[in-house]
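Visitor: One structure follows; several queries about it will come next.
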Amino acid sequence: MKRSTLILLKTLVWLACLGPLVWLLWCAVTNTLGPDPTHTITFATGRTALRLLMISLVITPLRRLIPSLSWLIKFRRLLGLFAFFYATLHLLTWIGLYAGFDPNAMVADIIKRRYVTAGMTAWVLLLPLALTSTNWAIRKMGGKNWNRLHRLVYLAAIAGVVHYWWQVKSGVLTPIQITVVLAVLLIARPVLSWMQRRKAVAASSTRTPAPAGD
Ligand code: HEM
């Protein structure tokens, strides 16, 4: 892919990822965050975090399925870091607007409300991934260890979706869509690895062995 095209695409992804934040800031400035600004900010940041996390998870299976899309890998870190950015904005909203910066209220909430426990788990799992997203960290850890650590992203996504289900009122099915997406991604991963292994075995068995004595 031409460098100029990559730069253009990256700029568009940056703008798209900043969109929800700009919208929230605009609503704050124009006083249109609605009757419950805390709710609006929490929901907008939480949904954006979870959606960006899912989009970042789609990249690997998509590349495996369509090798010509391998350039998408250049966007995975950006999307992952933006998911963490919005999850952190979401956490700060809870710390400031829900708990009023009161550590006791926070601890009580984490213990009492299981959806907050699940949300906190998701954020804590995303933290080491964000901290090790630099090229320096990849070099320091080595590719194998880095890949092993970054598999935590699936656990973080599961915790995020559980958090979403546990906070909606019973009978509300809004999280169903993102749950189906995550389920497909979790199933796709081992299936694609198995298909790739089978392909490799088939390729090696069809390779005609070199005649003896060559
Ligand atoms: C860091 C710890 C977290 C805390 C304390 C937290 C807290 C909350 C709270 C208080 C709500 C709104 C509940 C309500 O008003 O009914 C909420 C909703 C939500 N949170 Fe979190 N959350 C956390 C982490 C996360 C993470 C890491 C994600 C995504 C990766 C996430 C995604 C969501 C979603 C999708 C919603 C529902 C939004 C909706 O219904 O539209 N949260 N969270």
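Visitor: Restricting to helices (runs of 4 or more DSSP H) lying wholly in segment 45-159: which have 1 or more residues that are in contact (Cβ under 8 Å) with a residue 60 or more places away in the chain, surrounded by fewer than 18 Cβ atoms within 10 Å (Cβ to Cβ) and in contact with a Ser or Thr (Cβ under 9 Å, 6 or more places away or on another chain)?
Guide: 73-93
Visitor: Say whether the condition of being surrounded by 15 or more Cβ atoms within 10 Å (Cβ to Cβ) and either within 25 Å of Arg77 (Cα to Cα) or in contact with an Asp or Glu (Cβ under 8 Å, 6 or more places away or on another chain) (or both) is met by at least one residue in segment 196-210.
Guide: The answer is no; no qualifying residue exists.
Visitor: In segment 150-161, is there at least one residue being away from the ligand (no atom under 16 Å from the Cβ), at pLDDT 95 or above, more than 18 Å from Leu50 (Cβ to Cβ) and not β-branched (Val, Ile, Thr)?
Guide: Within segment 150-161, the first condition is being away from the ligand (no atom under 16 Å from the Cβ), and the residues that meet it are 151.
From the residues that got through so far, the ones that are at pLDDT 95 or above too are none.
The answer is no; no qualifying residue exists.
Visitor: Can you find a residue that is surrounded by 17 or more Cβ atoms within 10 Å (Cβ to Cβ) and either in a helix (DSSP H, G or I) or over 18 Å from the mean Cα position of the chain (by Cα) (or both) anywhere in segment 3-12?
Guide: No, segment 3-12 contains no residue that is surrounded by 17 or more Cβ atoms within 10 Å (Cβ to Cβ) and either in a helix (DSSP H, G or I) or over 18 Å from the mean Cα position of the chain (by Cα) (or both).
Visitor: Moving to a separate point now. Take the residues in segment 32-44 that are part of a helix (DSSP H, G or I) and either out of contact with any helix residue (DSSP H, G or I) (no Cβ under 8 Å at 6 or more places or on another chain) or closer than 17 Å to Val13 by Cβ (or both); name whichever of them is nearest to the ligand (Cβ to nearest atom).
Guide: Of segment 32-44, the ones part of a helix (DSSP H, G or I) are 37-44.
So of that shortlist, the ones also either out of contact with any helix residue (DSSP H, G or I) (no Cβ under 8 Å at 6 or more places or on another chain) or closer than 17 Å to Val13 by Cβ (or both) come out as 39, 43.
Values: His39: 5, Phe43: 4 Å.
It comes out as Phe43.
The values are calculated or read from the model by the stated rules, or taken from the named source; none is laboratory data. Since this is a predicted model, take the numbers as computed values, not measurements. Positions of Cβ are generated from backbone atoms using ideal geometry, with glycine treated the same way; all protein chains shown enter the neighbour counts.
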